[in-house]
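The values are calculated or read from the model by the stated rules, or taken from the named source; none is laboratory data. For clarity, every value in this text was computed on a predicted model and none was experimentally measured. Quick reminder, even Gly has a Cβ in these numbers, built from the backbone with ideal geometry, and neighbours come from all protein chains shown. The area values use the complete protein model at the heavy-atom level, side chains included, leaving out ligands, DNA and RNA. Shrake-Rupley method; radii C 1.70, N 1.55, O 1.52, S 1.80 Å.
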Amino acid sequence: MNKTAAVVGAGISGMQAALSLAERGVKVYLIEKTSSIGGIMARLDKTMPTLDCSICILSPFMLAVDRNPMIDILTLTDIIGAEKSDIGYKLTLRKRPRYVDMDKCTGCRDCMSKCPKKITLEHEEPFGTVKAIHFDFDQAIPAVPYIDAENCLMLIKGTCGNCAKFCDKDAIDFEQKEEIVPLEVSSVILATGARPYIPLDRMEYGYGRYKNVITAMELERLLSASGPTEGNVVRASDGKEPKNIAFINCVGSRDLKTGRGYCSKVCCMYGIKEALLVKDHDPGANVTIFYIDIRASGKGYEEFFQNAKDSIRFVRGRPGEILEHEGNDLLIRYENTETQEVIEECFDMVVLNTALVPCEETQQLSEMFDISVNNYGFFMPSKDISCPIDTKQDNVFVVGACQGPNDITDCVSQSIGAVSKTFSMKGDIKQKEKRSLPGASGKDPRIGVFVCHCGKNIGKYVDVKDVVEYAKKLPDVVYAEDSLFTCSDQGQKSIKDTIKKEKLNRVVVAACSPKTHENTFQEALIEAGLNPYMLEMANIRNQCSWVHSKQYDLATQKTKDLVRMSVAKARLLEPLYQREVDVVQHVAVIGGGFTGMASALEMAKNGFRVSLIERESKLGGKASVTNKQKDGTIPEELAEMMANHLEESNNISVFLSSEVENVEGFVGDFILDVSTPNGIEKIECGTVIIATGFDSADVKSSGYTTSESVITDEKFSSMVNCGMLDGKNYVFILCVGARNEQNPYCSKFCCISSLNHVRCLLEDKPDANVTVLYRDIRAYGYHEDTYREVSEKGANFIRYSPEMMPHIDIDKKVVEVYDTTSSKTRTIEFDYCVLERGAIPSKGTTKLRKLFKMSVVSSGFFAEAHLKLAPLDTALDGVFIAGSCQYPKGISEAITQAVSAAGRASIAMGGGTYSAIPITASIDENKCIACKLCMDMCPYKALQMSENGIHMEVITVSCKGCGTCAAFCPSNAITISGFTYKQEKEKLKAIFEGSME
Amino acid sequence: MSFEPKILAFLCNWCSYGAADMAGTSRLQYPSNIRIIRFMCSGRIDPNFVIEAFLRGADGVMITGCHIGDCHYIDGNYKTVHRYEFLKEYLDTLGIGSERLTLEWCSAAEGMKFSQKVTEFTERIRKLGPSPIKGDEQ
């Protein structure tokens, strides 16, 4: 029996799950209630903290889902029934009518221009309208519009029918009826997401009554180039650009009045992002953010926040009330909790940073599948710590924002984790089919140039139309056009159609970076019957519009130069073919903490041989220095249980007191030299998962020293675990060795583990006097509940400023701290003062980084391939990262990533082969003088003397295509495919051929 | 009209091209005089490309790669260092001047460094004025 899966919800979580399952050969039914896949992310303008254009990084993803033959997309579909069956679940689906025939429609949009009925979309009211027949957003997939039955004149009254009259393809079908369809699958992944809270019941903010009070999601649509105002931020009352804008945080979250006690986790950061984007659109605008704590706890978030302080005003305080003022301006009354002043201030627009709340169907689905929801209405995993995505049903998983507010990175990790768990369940996986690539077509070059506006990311800073006209005049260019998003379905369809219509045999896409989008466009070429290597990209966004955004003319000129350079190279492109590399079915996991152990167990479940390498003499990492978790899990016991499972497995070899000393090879066949107590062991493996965790920062970097009463978090934990605490007065100092000059990032987990310390302490000693000295309490997500719990139990929280670090007098056992909320210096006695330290990259991370030549971010943690969409991959194929070596995180998040990294590794290793890019060296035997210089230069020993001894030859399987040999060859006998001397020389010449003035 | 130098940069695919991309996503502004050619490795940059660039009319050439020890291809950038030293001597001999060539290491996470180095190098070449061999190729 082949495995099949239903993925419910097609936002980023659902799409990621579907694509990952399909990559390994599992048939997927992707069930989506709206008319398009994409979810919330498709409606965002940018993502934080990298300010990537959201739809640009998502579009390739959506298209990959659409074109994957293993994925059936079922839009406008709900699950109305589920019952257990022999293979998994029998589902009953309700497919609502689209009233447009998906097979006939070409997405030409003629119908939309003829439809007389205007409607507004969610989050776009009152700024813009669409028609009753419409797309939910421009880049929707399937790229077929749908008719909103409640607003269609034909469907309500039987009049009109314009769309049908004007459709050449006869694709409109008013007779479509709702269908009830059965579907049996072996597993179900629920990825139904969350929705932005609509703050109508927060009367004091006047949303719905005051025209210029909008939600962050509405602003997001205004900022988006494909939104209702095409990227212009305007006031609803008068269409003017606002000059003085306020953002209010925590609307609908951290708020027991509305029943939502949790922290919504993403709002602080999206608020800062939107504030910066408003500034980017209008540098003259004044932007203020009202906050309680800025919870910038994630990779790159703290740095993003600190940089934003230059241009954004941050005011600590939760506004009590908004009043409408003359000219629809808004008066905010608030208390600045840093100065204790009550202030009234006027703004011309107010943005409410609203929480994520559960979707309507969460409750129904939980009943249908008999899984739990928490007190806020989100799905609840069966065990928070050890199985963060499992439910009480074996074959049902919950991932992404449907289990609570999550950022994109966490959604992606959870989704791939669920995928890995699906792989390891019983049932077969269909083997991947190998495909052969199209060859050359046509003799003379016929080049098509496609210039992307990238919404406003290019279009605003470069005269794209002018570039297109210029491109048309370049040699061998037979066609040039521009499009809003070339990477969208429409954009790619246009490339494919034009290839056929104009008999193009080479394509230049002038858009963004080939590092992110080359694959997407290569797929389009393949589908149109062209070899994928007949593509050349001009990076006119990252290398031009974004970095010369204040020099319109110069940027336009440079764009022309970049297009001319790419056309020059494109004329000489030749077809290339992928190489299949065998993959050793063995994975090395480095690091034996929770993350490493969880990865190893998951890989073994997936049927691979595993070697787990740990530098210490025992497994468990930092488990013994952590206290009992909120869900009752005792980390030490969990670690022991996992270690036992490892030992029991026949597929896992554990190397303790061992370290990797040398790394050779590439994906499919790495060879690690591991020093073990019994000497050097050579481990041959196809992929590597790195899980080297973190070390704690030095207390000295914050000017502290430890003593018997001034102790580290680690010491405190072990004392709690052993019941050795005997004092009554406790002071906890947060952010020790974190968010300072030496380690400017936020370590994310320390607020959480500190709150856990306090909780355990108060459980043990309810009468203890507990004071927590903090800068911002970053109790994201449900950790807010713990924060509230310990506050209610009497823990006293005092906010200090980093300019005046609390002073510890070890002899007198007192801490002096300047309390910024009351502007007073306080002296607090203690029996124990606990220094809660931040995290730094572990020794192992520093060492492996050198061995694998991996990139790290400025904080020293490993750099992932993409912070949002590929958090587990690295720049190195076949090497994955998980847990705190990627960025400090709690046990639950680390275990999610561990399982997820195992999913990525399983996909890379499944099927036994790996397709390597065909960039390699080749030698012209006639030119080669057999000097062997190339042989000496090659780092991979990929060159050898021919049998007859008169020329060199390339061992193609060993060649990685770096081209070092070619640069040294004295007779120019070596060619690097894809980067030949001739191609690059033409590109170089082209720079100077135009007017680069 | 003031002199606007023409600057050509060779970037390796793995680190410095990533740095240039990141400079873009971070919206770090730098002078628009630079034109980029991507190679898989800085070790691929044949001295001929550099000489060719000057002959064609470049006023400055920038080579960037992964930091020493971080090369995606083990040690390609060590070879770049040697070649750079040789090229500088050669450029002096030719009368072009070694100060018109620069070598910088940028990791994929160093968008800021990339934009700074491009800005500094552009300013340096602007001060030096046009390449002395400009126009000789005609």
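In the stretch A:503-519, which residue that is β-branched (Val, Ile, Thr) and either open to solvent by less than 10 Å² (accessible area, probe 1.4 Å) or within 16 Å of residue A:453 (Cα to Cα) (or both) is farthest from the other protein chains (Cβ to nearest Cβ)?
Of the stretch A:503-519, the ones β-branched (Val, Ile, Thr) are A:507-509, A:516.
Filter again for either open to solvent by less than 10 Å² (accessible area, probe 1.4 Å) or within 16 Å of residue A:453 (Cα to Cα) (or both), leaving A:507-509.
Values: A:507: 17, A:508: 15, A:509: 15 Å.
Ranking the qualifying residues of the stretch A:503-519, first place goes to A:507.
Counting only residues that are more than 12 Å from every other protein chain (Cβ to nearest Cβ) and open to solvent by 70 Å² or more (accessible area, probe 1.4 Å), which one in the stretch A:905-930 is farthest from residue A:579 (Cα to Cα)?
Going through the stretch A:905-930, the residues more than 12 Å from every other protein chain (Cβ to nearest Cβ) turn out to be A:905-916, A:918, A:922-930.
Remaining after also requiring open to solvent by 70 Å² or more (accessible area, probe 1.4 Å): A:925-927, A:929.
Details: A:925: 22, A:926: 26, A:927: 26, A:929: 28 Å.
The qualifying residue farthest from residue A:579 (Cα to Cα) is A:929.
Within the stretch A:877-885, does at least one residue satisfy the condition of being surrounded by fewer than 22 Cβ atoms within 10 Å (Cβ to Cβ) and within 28 Å of residue B:113 (Cα to Cα)?
yes
Collect the residues in the stretch A:505-540 that are farther than 25 Å from residue A:435 by Cβ and modelled with pLDDT under 95, keeping them in residue-number order.
Restricting attention to the stretch A:505-540, the residues satisfying the condition of being farther than 25 Å from residue A:435 by Cβ are A:510-513, A:538-540.
Correct list: A:512, A:513.
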ask   = Among the residues of the stretch A:806-825 satisfying the criterion of being out of contact with any strand residue (DSSP E or B) (no Cβ under 8 Å at 6 or more places or on another chain) and within 15 Å of residue A:775 (Cα to Cα), which is most open to solvent (accessible area, probe 1.4 Å)?
value = A:823
task = Please work out if residue A:741 is under 36 Å from the mean Cα position of the chain (by Cα) and among the acidic types (Asp, Glu).
result = yes
query = Of the residues A:545, A:549, which single one is more than 24 Å from residue A:446 (Cβ to Cβ) and within 25 Å of the chain's Cα centre (by Cα)?
reply = A:545
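What helices (runs of 4 or more DSSP H) completely inside the stretch A:435-539 contain at least 1 residues that are among the polar types (S, T, N, Q)? Spell out how you get there, then give the answer.
Values: elements: A:464-472, A:489-501, A:514-527.
Passing ranges, in order: A:489-501, A:514-527.
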query = Is it true that some residue in the stretch A:573-581 is more than 14 Å from every other protein chain (Cβ to nearest Cβ), surrounded by fewer than 24 Cβ atoms within 10 Å (Cβ to Cβ) and of a type in the set (A, V, I, L, M, F, W, C)?
reply = yes
task = Could you tell me which residue of the stretch B:5-45 is most open to solvent (accessible area, probe 1.4 Å), considering only residues that are small (Gly, Ala, Ser) and touching a Gly at 6+ places or on another chain (Cβ under 8 Å)?
result = B:26
query = Looking only at the stretch A:128-161, which residues are surrounded by 21 or more Cβ atoms within 10 Å (Cβ to Cβ) and over 21 Å from residue A:489 (Cα atoms)?
reply = A:132, A:152, A:154
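Taking the conditions exactly as written (at the interface with another protein chain (Cβ under 10 Å from one of its Cβ atoms), closer than 20 Å to residue B:21 by Cα, charged (D, E, K, R) and open to solvent by less than 10 Å² (accessible area, probe 1.4 Å)), does residue A:550 satisfy them or not? Don't jump to the end; show me each part of the working.
On the way: at the interface with another protein chain (Cβ under 10 Å from one of its Cβ atoms): yes; closer than 20 Å to residue B:21 by Cα: yes; charged (D, E, K, R): yes; open to solvent by less than 10 Å² (accessible area, probe 1.4 Å): no.
Criteria not met by residue A:550.
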inquiry  = Being of a type in the set (Gly, Ala, Ser) and closer than 17 Å to residue A:634 by Cβ is the filter here; which residues of the stretch A:750-782 pass it?
reply    = A:753
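Going by the structure shown, is residue B:102 more than 10 Å from chain A (Cβ to nearest Cβ) and surrounded by 20 or more Cβ atoms within 10 Å (Cβ to Cβ)? Spell out the reasoning first.
Working: more than 10 Å from chain A (Cβ to nearest Cβ): yes; surrounded by 20 or more Cβ atoms within 10 Å (Cβ to Cβ): yes.
For residue B:102, the condition - more than 10 Å from chain A (Cβ to nearest Cβ) and surrounded by 20 or more Cβ atoms within 10 Å (Cβ to Cβ) - is met.
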task = Quickly run through the stretch A:456-496 and pick out the residues that are under 24 Å from the mean Cα position of the chain (by Cα), hydroxyl-bearing (Ser, Thr, Tyr) and closer than 13 Å to residue A:507 by Cα.
result = A:486
ask   = Is there a residue in the stretch B:74-82 that is within 9 Å of another protein chain (Cβ to nearest Cβ), open to solvent by 10 Å² or more (accessible area, probe 1.4 Å) and not in a helix (DSSP H, G or I)?
value = yes
ask   = Based on what the data block shows, is residue A:758 away from chain B (no Cβ under 14 Å), among the aliphatic types (A, V, I, L, M), in contact with a Phe, Trp or Tyr (Cβ under 9 Å, 6 or more places away or on another chain) and part of a helix (DSSP H, G or I)?
value = yes
query = Within the stretch A:880-909, how many residues turn out to be among the β-branched types (Val, Ile, Thr) and modelled with pLDDT under 95?
reply = 2
key: Count of residues meeting criterion [in contact with a Phe, Trp or Tyr (Cβ under 9 Å, 6 or more places away or on another chain) and more than 23 Å from residue B:17 (Cα to Cα)] in the stretch B:84-133   = 9
inquiry  = Suppose the filter is touching a Lys or Arg at 6+ places or on another chain (Cβ under 7 Å), farther than 28 Å from residue A:49 by Cβ and in contact (Cβ under 8 Å) with a residue 24 or more places away in the chain; does residue B:60 pass it?
reply    = yes
request  = Keeping to the stretch A:852-882, report how many residues are more than 10 Å from every other protein chain (Cβ to nearest Cβ) and more than 27 Å from residue A:54 (Cβ to Cβ).
outcome  = 3
ask   = Do we find a residue being modelled with pLDDT under 95, under 26 Å from residue A:847 (Cβ atoms) and more than 8 Å from chain A (Cβ to nearest Cβ) anywhere in the stretch B:48-67?
value = yes
message = With polar (S, T, N, Q), more than 14 Å from chain B (Cβ to nearest Cβ) and assigned to a helix (DSSP H, G or I) as the only criterion, which of A:611, A:624 stands out?
response = A:624
task = Scan the stretch A:528-542 for residues that are within 11 Å of chain B (Cβ to nearest Cβ) and in contact with a helix residue (DSSP H, G or I) (Cβ under 6 Å, 6 or more places away or on another chain) and jot them down.
result = A:536, A:537, A:538, A:540, A:542
message = Out of everything in the stretch A:470-497 that is open to solvent by 10 Å² or more (accessible area, probe 1.4 Å) and of a type in the set (S, T, N, Q), what residue ends up being nearest to residue B:23 (Cα to Cα)?
response = A:483
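Output the residues belonging to the stretch A:792-809 that are outside any strand (DSSP E or B) and under 14 Å from residue A:733 (Cα atoms). Let's see the steps before the verdict.
Kept after step one, since they are outside any strand (DSSP E or B), are these residues of the stretch A:792-809: A:792-795, A:800-806.
Residues satisfying the conditions are A:795, A:800, A:801, A:802, A:804, A:805, A:806.
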query = Since residue A:293 meets every condition but one in (1) at pLDDT below 95; (2) open to solvent by less than 10 Å² (accessible area, probe 1.4 Å); (3) over 27 Å from residue A:201 (Cα atoms), which condition does it not meet?
reply = (3)
message = Which of the numbered conditions does residue B:2 fail, given that it passes all the others? Conditions: (1) open to solvent by 10 Å² or more (accessible area, probe 1.4 Å); (2) at the interface with another protein chain (Cβ under 8 Å from one of its Cβ atoms).
response = (2)
ask   = When you go through (1) at the interface with another protein chain (Cβ under 9 Å from one of its Cβ atoms); (2) over 21 Å from residue A:566 (Cα atoms); (3) surrounded by fewer than 20 Cβ atoms within 10 Å (Cβ to Cβ); (4) at pLDDT below 90 one by one for residue A:960, which number turns out not to apply?
value = (3)
